[in-house]
Amino acid sequence: LPRSAVDALAAAAGLAAHGEQVMVRTAGHSLSVVEYLRALGQGDTGVPESLADAVLGRVARLDAEGRAVVEAAAVLRRRIDPALVAALVESSDVATARECEELVRLRLLVRSGHHYEFANDLLQECVHEALPPALALALHRRAADLTSDRPEVMAEHAYAAGDEPRAAHGWLLAGEDALRRAAVEDALGLLDRSLAVGTAFAGTRARALLARGAVHEARTDFATALDDVRGALALARNTDDRRLEMAALRFLGGDAAVGLGLTVDELVAPLELGLRLAADLGDRRAEADFTSRLAILEASRLRLATALARAEGGLVRARSAGSEDAQVLALDGLKTVWAYLGDPVRLGEVIADLEPRLRARGDTWLLQWTVFEKSFVLAAEDRLDEARAVVAEALELNRLSGYPAYASYLQAHDGWFARLAGDLEEARRVGRKAVEASSPIDHPWWYAIAAGLLAATLLETGDHAEAEAVARRGLATGDLATGGGRLRCLAALAAVTGDPRVVGEAGRALDDVVCPPGHAWVTGADVYLLLGSVEPLRQAIDGSWPALRARLAQSTSSTS
């Protein structure tokens, strides 16, 4: 029956509100619709007894092979693969397919491409509920073995067979896979199911908590993310699982902690502990991961000489260990430092080494940052339109990664490139969009950086009142912002207000920026320009960054 007929029958029975429910469970099967409506009218939401009798009577008239096939199909529920049914009943594929066709003739099954389905959910439930418990257990246990390559399906059968630890592990694996595919909500549901199993092994539970922490991070629920990870850390330590302990420590030094408002110093502590643990275990991949993250944190607070030394040392150790994973992670950290320093030659060399490795691995998370930072190489060569196109590609990768909270950082630099290209209206539009997309609560680092870049643009467009307001909002994040984000906002506020206190604070903060000899914080060029301290920047970009050199010339001319 079509949906309209089912709705009409439901209304005639005084059950109009149940029309959709009836259609979903019966798929319009006439007998099922009538009997289900009768049962609902009597307050029974299960399988109507009259329908069960009719279906089971039909099953009873099948020969032994046909009954075995329909019973195995009832265990598989949906998308019934005849090859899998054949393995369950220990028959040939051809014989099983013939039995399935006979069940189609009897209107118990329907064809669905090369597979079959029950005509509706009620028919499947009728057959499954009538299975002898021992037979149901045996079929579910065997189905779990046969679907071990599909963890989510395997978990359902293992749970039905009473093997809860195996079911929990299956839902964990399926949840981790969903997270890798950026199917965040699917991952959350699967991991919740894994963690709901009280008899799960401690290692399974710890891994599920770690994975769910990553899911909550993607959803910007940072407090819940860290609660999960702290739970995983406690389990790992209780069971002396040092590798899980390292994974939890790495997470505690990651971006979820930033989003929750922890300071850089608070992030460094678990990372240093994890680095020592990795060294003790001889785990070069983990050592590279911790080293890379620590280098990035040093760069974020503008200790760029220290960051570079740490990142270069990490790459040397990764290469000597011969670990591909370690080299990828070490290159990622080194890339970030060279991006801060705006050195197009060295940054280009690292990206040329790293990008093909990431594309071959399908690592969307790291690839988005590598593609984004390639934009600095193009901007340094005055290829600003290409730089903006690369940022657009990075934004698409960000969308695929499942972590949209980080998009505002990329957008903010897109606005900067538009400004360097002389399109102030576009720079203002994109900059405002980046600030609106961020939040001083959800991610104070990105918010302060986006606010600082927009404030510098607004100063150029003459929107001084808005520039001051934006800079003050960026500074309101306090110590939660990185040194780079805070300094950008301080410099803009100093330029717009001329307040000696602010000018002095910004100048001291710029003096505290430590770069390798001959280098400067080039991607923070606004700060040097706004504070009139341009000589380090001038030396660093000699022969590159034409758009910045033009601004330096304007600054010198204006001062003269």
If I ask for residues that are in a helix (DSSP H, G or I) and under 26 Å from GLN539 (Cβ atoms), which ones from the range 339-356 would you list? ALA339, TYR340, LEU341, PRO344, VAL345, ARG346, LEU347, GLY348, GLU349, VAL350, ILE351, ALA352
ALA83 meets each of (1) out of contact with any His (no Cβ under 7 Å at 6 or more places or on another chain); (2) farther than 19 Å from HIS157 by Cα; (3) open to solvent by less than 60 Å² (accessible area, probe 1.4 Å) with one exception, condition (2)
Tally time: how many residues in the range 117-159 are within 31 Å of the chain's Cα centre (by Cα) and open to solvent by 20 Å² or more (accessible area, probe 1.4 Å)? 10
Residue satisfying all of: in the range 3-34; loosely packed, with under 14 Cβ neighbours inside 10 Å and under 27 Å from VAL70 (Cβ atoms); modelled with the highest pLDDT among these: SER30
Across the range 148-184, what is the total count of residues that are of a type in the set (Asp, Glu) and within 14 Å of ARG205 (Cβ to Cβ)? 2
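Of all the residues that make up the range 242-268, how many are β-branched (Val, Ile, Thr) and either touching a Phe, Trp or Tyr at 6+ places or on another chain (Cβ under 6 Å) or modelled with pLDDT of 95 or more (or both)? Walk me through it before giving the result.
If we filter the range 242-268 for residues that are β-branched (Val, Ile, Thr), which is where we start, we get 258, 263-264, 268.
If we keep only those that are either touching a Phe, Trp or Tyr at 6+ places or on another chain (Cβ under 6 Å) or modelled with pLDDT of 95 or more (or both) too, we end up with 258.
Counting residues in the range 242-268 that are β-branched (Val, Ile, Thr) and either touching a Phe, Trp or Tyr at 6+ places or on another chain (Cβ under 6 Å) or modelled with pLDDT of 95 or more (or both) gives 1.
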Looking only at residues in the range 398-416 that are under 14 Å from VAL371 (Cβ atoms) and hydrophobic (A, V, I, L, M, F, W, C), which one is most open to solvent (accessible area, probe 1.4 Å)? LEU400
Only listed residue being farther than 30 Å from GLY14 by Cβ and touching a residue at least 12 places away in the same chain (Cβ under 8 Å), chosen from LEU135, LEU122: LEU135
From the list LEU244, LEU179, LEU195, LEU172, pick out the single residue that is in contact (Cβ under 8 Å) with a residue 60 or more places away in the chain, among the hydrophobic types (A, V, I, L, M, F, W, C) and crowded, with 16+ Cβ neighbours inside 10 Å. LEU179
Under 6 Å between Cβ atoms, which residue pairs at least 6 apart in sequence (or on different chains) link something in the range 148-169 that is touching a residue at least 40 places away in the same chain (Cβ under 8 Å) and within 17 Å of ALA196 (Cα to Cα) with a partner that is hydrophobic (A, V, I, L, M, F, W, C) and open to solvent by less than 60 Å² (accessible area, probe 1.4 Å)? HIS157/ALA143; HIS157/ALA144; ALA168/VAL197; ALA168/ALA200
Residues of the range 313-330 satisfying the condition of being within 28 Å of the chain's Cα centre (by Cα) and either closer than 21 Å to PRO516 by Cβ or not β-branched (Val, Ile, Thr) (or both): GLY314, LEU315, ALA318, SER323, GLU324, ASP325, ALA326, GLN327, LEU329, ALA330
State whether one or more residues within the range 357-371 are among the charged types (D, E, K, R), outside any helix (DSSP H, G or I), in contact (Cβ under 8 Å) with a residue 60 or more places away in the chain and out of contact with any strand residue (DSSP E or B) (no Cβ under 7 Å at 6 or more places or on another chain). no
Could you tell me whether ARG508 is under 24 Å from LEU548 (Cβ atoms), open to solvent by 60 Å² or more (accessible area, probe 1.4 Å), basic (Lys, Arg) and more than 33 Å from the chain's Cα centre (by Cα)? yes
Look at VAL503 and say whether it is open to solvent by 10 Å² or more (accessible area, probe 1.4 Å) and not small (Gly, Ala, Ser). yes
Go through the range 35-59 and give me each residue that's open to solvent by 70 Å² or more (accessible area, probe 1.4 Å) and at pLDDT 70 or above. ARG38, GLU49, ASP53
Among the residues of the range 450-479, write down those that are open to solvent by 10 Å² or more (accessible area, probe 1.4 Å), closer than 27 Å to ASP221 by Cβ, among the aliphatic types (A, V, I, L, M) and not in a loop (DSSP other than H, G, I, E, B). LEU475
Quickly run through the range 526-549 and pick out the residues that are part of a loop (DSSP other than H, G, I, E, B) and open to solvent by less than 10 Å² (accessible area, probe 1.4 Å). ILE541, TRP545
Checked against (1) part of a loop (DSSP other than H, G, I, E, B); (2) under 30 Å from ALA211 (Cβ atoms); (3) at pLDDT 90 or above; (4) among the aliphatic types (A, V, I, L, M), VAL153 satisfies every condition except (1)
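Could we say that ALA380 is in contact with a Pro (Cβ under 8 Å, 6 or more places away or on another chain), open to solvent by less than 20 Å² (accessible area, probe 1.4 Å) and modelled with pLDDT of 95 or more here? Steps first, please.
Working: in contact with a Pro (Cβ under 8 Å, 6 or more places away or on another chain): yes; open to solvent by less than 20 Å² (accessible area, probe 1.4 Å): yes; modelled with pLDDT of 95 or more: yes.
Judged against the criteria, ALA380 is a match.
In the range 263-279, which residues are touching a Leu at 6+ places or on another chain (Cβ under 8 Å) and of a type in the set (A, V, I, L, M)? Give the steps one after another, and end with the answer.
Here is the first cut: in the range 263-279, the ones touching a Leu at 6+ places or on another chain (Cβ under 8 Å) are 263-264, 267-268, 270-275, 277.
Once the filter is applied, which keeps residues that are touching a Leu at 6+ places or on another chain (Cβ under 8 Å) and of a type in the set (A, V, I, L, M), the range 263-279 yields VAL264, LEU267, VAL268, LEU271, LEU273, LEU275, LEU277.
Considering only residues that are under 14 Å from ALA330 (Cβ atoms), in a helix (DSSP H, G or I) and either open to solvent by 10 Å² or more (accessible area, probe 1.4 Å) or among the hydroxyl-bearing types (Ser, Thr, Tyr) (or both), which ones fall in the range 256-285? Spell out the reasoning first.
Taking the range 256-285 as the starting set, the residues that turn out to be under 14 Å from ALA330 (Cβ atoms) are 275, 278, 283-285.
From what's left, in a helix (DSSP H, G or I): 275, 278, 284-285.
Residues satisfying the conditions are LEU275, ARG284, ARG285.
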Being in a loop (DSSP other than H, G, I, E, B) and touching a Lys or Arg at 6+ places or on another chain (Cβ under 9 Å) is the filter here; which residues of the range 181-205 pass it? ALA182, VAL197
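The values are calculated or read from the model by the stated rules, or taken from the named source; none is laboratory data. This structure is a prediction, so every number in the text was calculated from the model and none was measured. Positions of Cβ are backbone-derived with ideal geometry, glycine not excepted, and every protein chain shown enters the neighbour counts. The protein model used for the area step is the full one, side chains on, heavy atoms only, and it has no ligands, DNA or RNA in it. Shrake-Rupley method; radii C 1.70, N 1.55, O 1.52, S 1.80 Å.
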